[in-house]
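The values are calculated or read from the model by the stated rules, or taken from the named source; none is laboratory data. Worth saying up front: this structure is predicted, and the values here are computed from it rather than measured. Here the Cβ positions follow ideal geometry from the backbone for every residue, glycine too, while neighbour counts run over all protein chains shown.
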Amino acid sequence: MNQDTKDLIDRVFDEGSRGASQPREVIIALLELDSASEEVAYLRERAAEMAHLATNNSASISGAIGVDLCSCDMNCKFCSFGTAWGLVEEDVIYSKAEIIELVREYVEAGVTTITLRSTEFYDLNVLSEWLADIREAVPGSYLINLNVGEMSPAMAEAAYQAGATSAYHVVRMREGIDTPFDVSLRWQTIDAISNSPLRWITCVEPLGIEHTNEEIADRILENLAHRPYGMSVMARVNVPGTPFEGVEPISEERMLHLLATLRLSVGTKVRTCGMHPAVPAALYSGGSNFTVERGANPRDTTFNEEVWRGFTVAEARALIEEAGFECRSESPDPRFPVDGKMWWKVGDPADYVMPDPTGPCCGRHE
Ligand code: SF4
């Protein structure tokens, strides 16, 4: 192994474990290594150590529920829901009762986080109204993460007060080129989340073979500047029928290299990192969370009545324990204590004022 590279990786680990992140040139130097080399094998090993350190040895499972399979006029080039690709033949939308049942199944199976994911134009106010019903019907210390459209600060606050604990939002790779979005609008939503009581979860995605080391390093650093709680990497699934049909996908080996670089470069500033789609090796390369998916999925053309690609909560849990993590949230929300006591029974519900959830956003919520 090249000694200078080994020394660099050790220094990055040491600085990261003390809360420092790395400058652009170091991130690029790590990304430039050969993904199949022994240096990257060592990078992944040290990233796994960092994952255990940053999470207090915890790894979480998110149970995602795609609440609506609908064509979406935004036509992001990588998304199977784009109206222009004509892949959505029939709209399928989960009812509140169905979502509650799916949450119950996930929680009983042992997920630590429920992710409610919608297309860009699903009404967040409706989803927020359902949160209290979900919490009441399915007690527990699980977290609720929202992966929805644009949000104003008032909407982020309202979602938190209704029982959400985090929100996922991303400035996608080549946002504004492969998507029609105004990049500043995406950052505006991210700031609304990051400045609210919600934890902001993000990702470097969707990654393809065309993305350069410089673009990836810049996205990691831009994200870091907005204070994420969690940051992951996600490969683009080149869905047949979308403009990326037939494009060679990024390799699993390269994705594990990207995950390890991310985990070490951000150090303990970021609580949890992961990789999607899930592979067991991620838990040995800096990953400390898995996502299991059901329902609508922008990486698929069918509504998944069962879990996507057959990856179950039980399998995720077994892999997590085998890798030496405890399957639990790395940081529970004090409103949802592990003894199951409900937060609205701790205080008077009247103390929780629902702000007016309108305000400057993308316009679809008005
Ligand atoms: S990624 Fe989101 S905004 Fe883009 S087409 Fe898909 S659902 Fe619509």
Count of residues meeting criterion [assigned to a loop (DSSP other than H, G, I, E, B) and within 9 Å of the ligand (Cβ to nearest atom)] in segment 71-88: 10
Test: residue in segment 135-151 that is acidic (Asp, Glu) and within 16 Å of the ligand (Cβ to nearest atom): yes
Residue that is farthest from the ligand (Cβ to nearest atom) [pool: residues in segment 172-203 that are touching a Lys or Arg at 6+ places or on another chain (Cβ under 7 Å) and of a type in the set (S, T, N, Q)]: Ser194
Lone unmet requirement of (1) within 16 Å of the ligand (Cβ to nearest atom); (2) part of a loop (DSSP other than H, G, I, E, B); (3) modelled with pLDDT of 90 or more for Leu116: (2)
Residue within segment 227-234 that is among the charged types (D, E, K, R), in contact (Cβ under 8 Å) with a residue 24 or more places away in the chain and crowded, with 19+ Cβ neighbours inside 10 Å present: no
Condition check for Gly140: surrounded by fewer than 23 Cβ atoms within 10 Å (Cβ to Cβ), at pLDDT below 95 and on the phi > 0 side of the Ramachandran plot: yes
Asp123 vs. criteria surrounded by fewer than 22 Cβ atoms within 10 Å (Cβ to Cβ), within 22 Å of the chain's Cα centre (by Cα) and within 16 Å of the ligand (Cβ to nearest atom): yes
Neighbours by Cβ (under 9 Å, 6+ apart or cross-chain): first from segment 88-115, more than 21 Å from Thr165 (Cα to Cα); second of a type outside the set (Asp, Glu) and assigned to a helix (DSSP H, G or I): Tyr94/Leu102
Residues that are assigned to a helix (DSSP H, G or I) and either hydrophobic (A, V, I, L, M, F, W, C) or touching an Asp or Glu at 6+ places or on another chain (Cβ under 8 Å) (or both), drawn from segment 240-276: Met255, Leu256, Leu258, Leu259, Ala260, Leu262, Leu264, Val266, Gly267
Residue among Tyr106, Tyr94 that alone is of a type in the set (Phe, Trp, Tyr), in contact with a strand residue (DSSP E or B) (Cβ under 9 Å, 6 or more places away or on another chain), more than 15 Å from the ligand (Cβ to nearest atom) and modelled with pLDDT under 90: Tyr94
Ala36 vs. criteria within 16 Å of the ligand (Cβ to nearest atom), over 24 Å from the mean Cα position of the chain (by Cα) and surrounded by fewer than 22 Cβ atoms within 10 Å (Cβ to Cβ): no
Helices (runs of 4 or more DSSP H) completely within segment 1-70 that count 2 or more residues being of a type in the set (Ser, Thr, Tyr): 3-17
